[in-house]
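The structure appears right after this line, and notes come after that.
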Amino acid sequence: MKKLFLLFLGICFSFSSFSQTSYYYPPGYFGLLNNQSTSARAQGMGFTTLTKSGIENSFYNPASIRSSTAPIQAYANYANGHSYRPKSRYYFAGGAFKVKDKFTVGLSYFSYQNPDPLWTTIIGWQTFDTDYFSQRAISVLAAYEIMEGLHAGLSANMMQENGVNGEKTNSDFVPSLGLQYEKSIQLFKSEKIQNQQLFGAMSLYNFLFKGETTQSYQDAVDESYLPIILRLGAGYAFEIPLKSNLTQGKAYFENTAQAVDLRLDLQFQDYLPGGPDHITDHELNTAFGVGAEAWFFERLAFRMGYFTEKGPSGTQEDGDLWVTGNRAGFTWGYGTLIPTNQLTKGKMPFDLEVNLVTGKKVSSLNEKIYTHPNVFTENSFQFAFGLNLLWR
């Protein structure tokens, strides 16, 4: 949008002092790497994607396509909004196929789109008005079961940014690798705690440590940090028997386990050094998430979590103040598994898992100290929708 000067002027007048202020933009491909998740389920659980199975989590850990037991995977996800990019939209679609018993391949598409953005695009100290800004990643994946419970995955991510009216401003090839491990354990010896499982995972995005991306448009050129991201995750799941007369005789709950399945996940993320010497973005964007999930009778799910990501704080060297800080907040979500295979007596070879996030956004706006323009603060509602086809 061509009103950046007026926007900053309005921001400045809204503060008690007339200091210059700055909203922080994370480094390369921020829309894909720092905003909303490809999985509504994981987003409701504090953005804990790493230990979960399925193509929906493969952008963060390519090993996830092999840990799924489904012979065919198909998933689509939509999410909206951002603290200070309110018109942002996020689209993800992916599928995977089990080629052999231990080998699975997949393909996914992840897109960040910001029509009529509030901000201009700055490349090499030059400012360009734009009516459309977007980023995308096309990922080709392969994963293999090394031994029982241990899965390794590799992805080739073709990244591209269209920073000025849909025109390409940079593109990069970014490979990533990951591991997932799951094991049945007997952590608590009790008849009421059954089917206990322990999960562990790690991934390294951009494992070739190519830490620079070149942005260019017309005669403007800029070198910026291409994130090198280490992620670590752990999880624990178990089942508690539960009976309810409300589910008796209901076709929706027919042949389901009379139990509640509980899960707890933890995840850590850190940006590693390796970019241009004058850039210190790797010192920020460290993140931590924790999430819990409860599935009742294999049909109804409720989730909650907490997520925090390190942002800038204090005063910059030139005296400007950061008006964004840590991105932090509680998350929640819910979902259901629709047994379409059972309800149609096998005519549909899959079940549908539907997951939703509806609630307040996890924001990085420092609202205790600063008053932000209504264009940022009036739309704090977060919506995410995920649809998973589970082949039987």
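Tabulated data
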quantity: Residue in region 344-366 that is of a type in the set (Gly, Ala, Ser) and closer than 21 Å to Val260 by Cβ present; calculated: no
quantity: Candidates Glu161, Glu182, Glu191, Glu145 - the one that is acidic (Asp, Glu) and not in a strand (DSSP E or B); calculated: Glu191
quantity: Any chance Val140 is of a type in the set (Val, Ile, Thr), crowded, with 17+ Cβ neighbours inside 10 Å and without any contact (Cβ under 8 Å) to a residue 60 or more places away in the chain; calculated: no
quantity: Matching residues, region 143-158, being open to solvent by 30 Å² or more (accessible area, probe 1.4 Å) and at positive phi; calculated: none
quantity: Yes/no for Arg41 being under 16 Å from Tyr306 (Cα atoms) and among the charged types (D, E, K, R); calculated: yes
quantity: Test: Trp125 is open to solvent by 70 Å² or more (accessible area, probe 1.4 Å) and at pLDDT below 95; calculated: yes
quantity: Residue check for Arg303: at pLDDT 95 or above, in a strand (DSSP E or B) and open to solvent by 20 Å² or more (accessible area, probe 1.4 Å); calculated: no
quantity: Any hit, region 138-158, residues being at pLDDT below 95, among the β-branched types (Val, Ile, Thr) and touching a strand residue (DSSP E or B) at 6+ places or on another chain (Cβ under 8 Å); calculated: no
quantity: Lone qualifier among Glu161, Glu182, Glu191 - being loosely packed, with under 12 Cβ neighbours inside 10 Å and not aliphatic (A, V, I, L, M); calculated: Glu191
quantity: Residues satisfying the stated conditions in region 340-365, i.e. touching a helix residue (DSSP H, G or I) at 6+ places or on another chain (Cβ under 7 Å) and either at positive phi or touching a residue at least 40 places away in the same chain (Cβ under 8 Å) (or both); calculated: Leu343, Pro349, Phe350, Asp351, Asn355, Leu356, Val357, Leu365
quantity: Single condition Asn366 does not satisfy, out of (1) within 21 Å of the chain's Cα centre (by Cα); (2) more than 27 Å from Asn195 (Cα to Cα); calculated: (1)
quantity: Of all residues in region 339-374 being open to solvent by less than 50 Å² (accessible area, probe 1.4 Å) and of a type in the set (A, V, I, L, M), the one that is farthest from Ala301 (Cα to Cα); calculated: Leu365
quantity: Condition met for Ser88 (in contact with a His (Cβ under 9 Å, 6 or more places away or on another chain), touching a residue at least 40 places away in the same chain (Cβ under 8 Å) and either basic (Lys, Arg) or open to solvent by less than 10 Å² (accessible area, probe 1.4 Å) (or both)); calculated: yes
quantity: Condition met for Ala79 (assigned to a strand (DSSP E or B) and free of Cβ contacts under 8 Å to residues at least 24 places away in the same chain); calculated: no
quantity: Subset of region 25-68 that is aromatic (Phe, Trp, Tyr) and either in contact with a helix residue (DSSP H, G or I) (Cβ under 9 Å, 6 or more places away or on another chain) or open to solvent by 10 Å² or more (accessible area, probe 1.4 Å) (or both) - its residue that is farthest from Glu212 (Cα to Cα); calculated: Phe47
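The values are calculated or read from the model by the stated rules, or taken from the named source; none is laboratory data. As the structure is a prediction and not an experimental result, all values here were calculated from the model. Here Cβ is always computed from backbone atoms with ideal geometry, including for glycine, and neighbour counts include all displayed protein chains. Quick note on the areas: whole protein, heavy atoms, side chains included, nothing else; ligands and nucleic acids left out. Shrake-Rupley method; radii C 1.70, N 1.55, O 1.52, S 1.80 Å.
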